[in-house]
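The values are calculated or read from the model by the stated rules, or taken from the named source; none is laboratory data. Since we're looking at a predicted model, the values are computed, not measured. We place every Cβ from the backbone using ideal geometry, glycine too, and count neighbours over all the protein chains shown. To get the accessible areas, we keep the full protein, side chains included, count just its heavy atoms, and leave off ligands, DNA and RNA. Shrake-Rupley method; radii C 1.70, N 1.55, O 1.52, S 1.80 Å.
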Amino acid sequence: MATGADVRDILELGGPEGDAASGTISKKDIINPDKKKSKKSSETLTFKRPEGMHREVYALLYSDKKDAPPLLPSDTGQGYRTVKAKLGSKKVRPWKWMPFTNPARKDGAMFFHWRRAAEEGKDYPFARFNKTVQVPVYSEQEYQLYLHDDAWTKAETDHLFDLSRRFDLRFVVIHDRYDHQQFKKRSVEDLKERYYHICAKLANVRAVPGTDLKIPVFDAGHERRRKEQLERLYNRTPEQVAEEEYLLQELRKIEARKKEREKRSQDLQKLITAADTTAEQRRTERKAPKKKLPQKKEAEKPAVPETAGIKFPDFKSAGVTLRSQRMKLPSSVGQKKIKALEQMLLELGVELSPTPTEELVHMFNELRSDLVLLYELKQACANCEYELQMLRHRHEALARAGVLGGPAAPASGPAPASAEPAVPDPTLGPDPTKDTIIDVVGAPLTPNSRKRRESASSSSSVKKAKKP
């Protein structure tokens, strides 16, 4: 009776020693017999590097696939990316020293070079790069009818077109080779103008009716002005270049100051409009009957611009919300405004967080919005007063220096800030230097002066808020 060892021997299965000793055969031995064999063969073919032999020498004995090294060198295809030249036993194509002519040359010059014998008699391959300009040809009758010009003779025109064909419309070379002794001295612009004028005339005369013409146009006057301007630009002295750069920098400064003044005037106008709108809304609410106020309280809101006061968020989403959330200041209000607002509320004796009833929340938000609007108006007023005072002092300094053209003022020190400026005489007309001084000298404020002015205006606004 056959045992498990006999079956394993017939199927050439080499299971573990435990299975071989016990004589049992598993399911894996029958399903995957090849893996067992490969594993066994890999285990048996492992060799260790002998002691004392270098790794490089041992790598020459066996390749990565554990094959024996080849006796002759062979190309495995794993070398350089470019294909090497494979020299075979075929016969080499013969080369011959043969003459050739270049069709681009009209003098019939003969040259020699090496070339394959099979290509004997063929055209020169580089002759296809010879591109020539098609210069129009006119007849005697066409010249007399359409191309005649009192400033140009026919011989001079023929000489111009001959040079144009020889030098492929390179007008600088044409001007250099032009016969100025036999003909009148011409500039490059004159030669171009004459050539393109004739080309345009011939195109109009020879055109087929109903076709779109591409007539070349050359503006000689514009070309002369361009070269003259370029020559002036090139001949500038270093002092003139430095002066031009200085004037450009000053122009940029003036434009930046003008934009800043326009922006400040727009902001100030928005604040004034917001204050007028808020005041008008308050009067309308006071005149309206009290019974209709609760019905349209949510719909009728003051049409104040977004930049004025505080824009509180509307909680109209679904869900439960606390009424005290409506009293929270939005993140768009800066810390400086928040501190000034708290200080003004403390000066007025108003709690910072009152009981959030419906009427109190609405009135408290309106009060804080008006206080912020008042704070911004005070700041804008202080900025305008500071700039007006600065311009007045600068005007007086220029008047004392005699820059404005008037009589020099006595050097008795600057006038006090509270003194009113002198009223100009209406019979003398407007001062021509007033607009110039304001536009050019209106320098932007420094950060330190701006901070001092803002702190002073915030403290003064709190004090003036108490006044009725």
| message | Need the C-alpha centroid separation for the stretch 247-262 versus the stretch 134-155, integer Å. | response | 58
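Determine the sum of side-chain charges near Glu193: Lys and Arg each +1, Asp and Glu each -1, restricted to other residues whose C-beta is under 11 angstrom from that of Glu193.
Details: positive: Arg186, Lys192, Arg194, Arg224; negative: Asp149, Glu189, Asp190, Asp219, Glu223.
That works out to -1.
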| query | With every protein chain in place, what's the accessible area of Arg170 (1.4 Å probe, Å², nearest 10)? | reply | 130
| note | Rounded to two decimals, the Rg over Rh value of the stretch 237-283 from Cα coordinates and the Kirkwood Rh reads 1.50
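Round to a whole number: what % of the accessible area of the stretch 138-233 belongs to carbon and sulfur, probe 1.4 Å? Kindly include the intermediate steps, with their values, before the conclusion.
Details: 3240 of 6570 Å².
Answer for the stretch 138-233 is 49 percent, counting heavy atoms of protein chains only.
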| field | Per residue value of the accessible surface for the stretch 237-283 (all protein chains in place, 1.4 Å probe), Å² | value | 77
| note | In whole percent, the fraction of accessible protein surface over the stretch 237-283 that belongs to carbon or sulfur atoms, probe radius 1.4 Å, stands at 54
| note | Probe 1.4 Å, heavy atoms of protein chains only: per residue, the accessible area of the stretch 329-399 in Å² is 57
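At a Förster distance of 45 Å, what's the computed FRET efficiency of Leu61 paired with Lys91, Cβ-Cβ distance as r, to 0.05?
Numbers: r = 42 Å, r/R0 = 0.93.
Using R0 = 45 Å, I get an efficiency of 0.60.
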| said: If you split all Cα-Cα distances of the stretch 87-240 into 5 Å bins from zero, what percentages do you get per bin, shortest first? | reply: 1, 7, 12, 13, 13, 10, 9, 8, 7, 6, 5, 3, 2, 2, 1, 0
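Hey, which of these cross-link pairs are over 23 Å Cα-Cα: Lys336/Lys378; Lys131/Lys185; Lys227/Lys253; Lys154/Lys184; Lys185/Lys227?
Details: Lys336/Lys378 14 Å; Lys131/Lys185 30 Å; Lys227/Lys253 32 Å; Lys154/Lys184 13 Å; Lys185/Lys227 19 Å.
Checking Cα-Cα distances, Lys131/Lys185; Lys227/Lys253 exceed 23 Å.
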| query | Of all chymotrypsin sites (Phe, Trp or Tyr not before Pro) in the stretch 89-185, which ones are in loop regions per DSSP and have a Cβ with at most 15 other Cβ atoms within 10 Å? | reply | Phe183
| So, with a 1.4 angstrom probe, what is the percent of accessible area on the stretch 329-399 that is carbon and sulfur? | 58
| query | Residues of the stretch 362-376 with amide nitrogen under 16 Å from the 7 Å Cα-to-Cβ point of Ser332? | reply | 366, 368-374, 376
| request: Mind ranking 203-213, 352-362 by how tightly packed they are, going by the mean number of other C-beta atoms within 10 angstrom, highest first? | output: 352-362, 203-213
| task | Enumerate by residue number the trypsin sites (Lys or Arg not before Pro) in the stretch 96-159 meeting two conditions: DSSP loop (anything except H, G, I, E, B), and at most 14 other Cβ atoms within 10 Å of the site's Cβ. | result | Arg105, Lys106, Lys122, Lys131
